[in-house]
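Notes to accompany the following structure.
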Amino acid sequence: MLKTILSTHILPAARHHSCGGLRHPAKLYHHPVPQRCVHTRTKPRISPPPKLKSSSTDSTAGISPFGWGLLIIPATTFGLGCWQVYRKQWKEGLIDELERKIHMSPVPIPDDLTALNEMEYQTVTVRGQFLHDQEFHLGPRACIQHGDSHTAGGLFSQKEASIGFLVITPFKLEGRDDKILINRGWVPKRYLDPATRPEGQVTGTVELQGVVRLPENRPQFTPKQRGAIFMYRDVERMAAMSGSEPYYLDATVASTVPHGPVGGQTRVTLRNEHLSYIVTWFSLSGFTTWLWFRQIVRGKSF
């Protein structure tokens, strides 16, 4: 019976509805058409690379000609430092040469006096007579004291050693017509007049040793010579005034006589301050180089 009911009523109705639904299949079985999606690939956001410090080539590329010209300051000071190194070596060699000459054994004065031009600071032995009436004075000068030489002269106290004059006397060489100039030594100002020291005016033939000295150039701002007192060792003028040959000796301390000039007034000490100059110039060169790099290359200011 159940089969009869299903076959006569329910199944035909189901077929009728299913067939009617086929009339509009799009409505019954509607599926959305997939849309085409365009995927655009976006570039990832990348942070820019850190700025690199410019190299020295890039830094110097923008330096103006004036900036390059400022390098002349450290370059010049460096050159002056190198020059002072050379000067120091030269001065030390000169000092060694003077020390060698001053300690050489005395030799007789050459027959040809022109040879004395190549013998500065060498000691020579001379024999002859002083011409006291043609005496010159050089100064003012301080006394150079060697040991107890000041007591041998017996002319001055310790307080007077800073004010005095050198006594320059023409000396006629024995056995020849030549006359030379000899610096007998130092006297205090109160004994400048030869009449105040008659015991020191040696007469007759004497033999002594003297250090060869060359003429001295006139120092800057030194007034011209007037009378018999000279401000510097103007050998040419002294020789012209006394009729002597233009050659000059400093008598050694052994020539000092009681109540006479104090011998041994040769100054052989040379100033050697080139080491301080070297330090100064190289320091300036280093400082100005650093300053140029800081101000010009790196553009920093204080």
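The values are calculated or read from the model by the stated rules, or taken from the named source; none is laboratory data. Because the structure is a prediction, the values reported are computed rather than measured. Note that we place each Cβ from the backbone using ideal geometry, even for glycine, and neighbour counts take in every protein chain shown. For the accessible areas, the whole protein counts, side chains as well, though only heavy atoms, and no ligand, DNA or RNA atoms are used. Shrake-Rupley method; radii C 1.70, N 1.55, O 1.52, S 1.80 Å.
Miscellaneous remarks
- Considering segment 76-120, the residues that are without any contact (Cβ under 8 Å) to a residue 60 or more places away in the chain and of a type in the set (A, V, I, L, M) include one that is most open to solvent (accessible area, probe 1.4 Å), namely Met104.
- A single member of Gly210, Gly185 is surrounded by 15 or more Cβ atoms within 10 Å (Cβ to Cβ), in contact (Cβ under 8 Å) with a residue 24 or more places away in the chain and at positive phi, and it is Gly185.
- Residue identified as modelled with pLDDT of 95 or more, aliphatic (A, V, I, L, M) and closer than 16 Å to Leu249 by Cβ among Leu138, Leu131: Leu131
- For segment 209-247, the set of residues classified as over 18 Å from Asp177 (Cα atoms) and in contact with a helix residue (DSSP H, G or I) (Cβ under 6 Å, 6 or more places away or on another chain) consists of Val212, Pro215, listed by residue number.
- From Thr169, Thr203, residue being at pLDDT 95 or above and under 18 Å from Asp133 (Cα atoms): Thr169
- Restricting attention to segment 61-74 and to residues that are assigned to a helix (DSSP H, G or I) and in contact (Cβ under 8 Å) with a residue 60 or more places away in the chain, the residue that is surrounded by the fewest Cβ atoms within 10 Å (Cβ to Cβ) turns out to be Gly67.
- Count of segment 224-252 residues which are open to solvent by 60 Å² or more (accessible area, probe 1.4 Å) and not in a loop (DSSP other than H, G, I, E, B): 6
- For segment 264-287, a residue qualifies if it is under 30 Å from Leu208 (Cα atoms) and open to solvent by less than 40 Å² (accessible area, probe 1.4 Å), and the qualifying residues are Gly264, Gln265, Thr266.
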